[in-house]
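Enquirer: Below: one structure in structure tokens.
Just so it is clear, none of the values below were taken in a lab; they were calculated from the coordinates. Note that the coordinates shown come from a computational prediction; the quantities given were computed from them, not determined experimentally. Cβ coordinates were reconstructed from backbone atoms using ideal geometry, including for glycine residues, and neighbour counts include every protein chain displayed.
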Amino acid sequence: MPVRRSLPGRDRHLVGAWCFADTYGPLGAGASPGMRVPPHPHTGLHTVSWLLGGEILHRDSLGTTCRVRPGELNLMTAGHGISHSEYSTGAQASGLHGAQLWIVQPEAERDGPPCFEHHGTLPSFTRPGATVTVLLGALDGVVSPARTATELVGAELDLAAGTRLRLPLRRDFEHAVLALDKPVTAEGHEIPTGSMLYLPPERETLTVHTADGNRALLIGGVPFEERFVMWWNFLARDHGGIATAREDWESGGTRFGTVPAQDAGLSAPPLPGVRLRSRGRRRAQP
Ligand code: MN
């Protein structure tokens, strides 16, 4: 299934604590078997599953079995370790369309217990030509029930053709706008589908405009200062934390539990022959 990676990019690997964003679909009829991701592990991050079309079945090592559909949020917290699988439902998966995003867990929570939340309904508000659904955090006073450790926002902007929408932003947040369906114009810049426009802090409003109608994601948060290492599906403090997580997954021990599924789990790729560099804004110790 073709996937567009919007984050990390060559020049930017964080927006607030958001560290990863993929978009996929919409799949045509019979074009693809859809999403088929066998059991695999995560550490130190939240995964956010958000669909625009289709349906995905999530299973995890906590014993969760949960479908996610458009308008619903699956928020998984990996902490010390979790494993999960994701499969689109139905034989054809036609119409599958969505986004998968990750959020860094801060040092204080990174080794905590894993958990899983499903939110079947999320708060939203309307403006002329627009419906704004708040997935995470708060926007214009509307607060999501989903919880993360860092101050951030995630919202879907569903815009009818010809809409111009102005939203208040928090000045201490940096933000990005991701075009999901069709190009959208934000602050005068046209954003191609699957691409992201970054907006630094100190901004009080965001103006988006769409000629054809579009759904876009707004993500943002307080700039994340801690350093961390991200490799494959793991996020850790340093190279050693990644190497240990990889060994723990490959050895099939108890750290990542087991996912009730028919398929065998994914194997981690070999670590590169160099130490993984940490990312983040805090300057490395001399
Ligand atoms: Mn995953």
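Enquirer: Considering the convex hull of the alpha carbon atoms of the chain, report its projected area averaged over all viewing directions, in nm², one decimal. Don't skip to the end; give the middle numbers.
Expert: Working: hull surface 60.8 nm².
For the chain, averaging the hull's shadow over all directions gives 15.2 nm².
Enquirer: Now, a different point. Once each part is reduced to its C-alpha centroid, what is the distance from the range 110-143 to the range 173-237 in angstrom?
Expert: 16 Å
Enquirer: For the range 267-280, take each phi angle, set θ = phi - 60°, evaluate the Karplus expression 6.51 cos²θ - 1.76 cosθ + 1.60, and give the result in whole Hz per residue in order, putting x for glycine and proline.
Expert: Along the range 267-280, the couplings run 8, 5, x, x, 5, x, x, 10, 6, 6, 7, 7, 10, x Hz.
Enquirer: If you don't mind, there's one more thing I want to ask. Through the Karplus equation 6.51 cos²θ - 1.76 cosθ + 1.60, θ set to phi - 60°, convert the phi angles of the range 175-189 into ³J(HN,Hα) values in whole Hz; use x for Gly and Pro.
Expert: Coupling constants for the range 175-189: 9, 8, 10, 10, 7, 9, 9, 9, x, 9, 9, 10, 6, x, 9 Hz.
Enquirer: Have a look at 228, 125, 20 and tell me which one the Gaussian network model of the chain (Cα, springs below 10 Å) gives the largest fluctuation.
Expert: Most flexible of the set in this elastic network: 125.
Enquirer: Given a Förster radius of 35 Å and the C-beta distance between residue 4 and residue 258 as r, what FRET efficiency does 1/(1 + (r/R0)^6) yield to the nearest 0.05? Each step should come with its number before you reach the end.
Expert: Values: r = 32 Å, r/R0 = 0.90.
Approximately 0.65, to the nearest 0.05.
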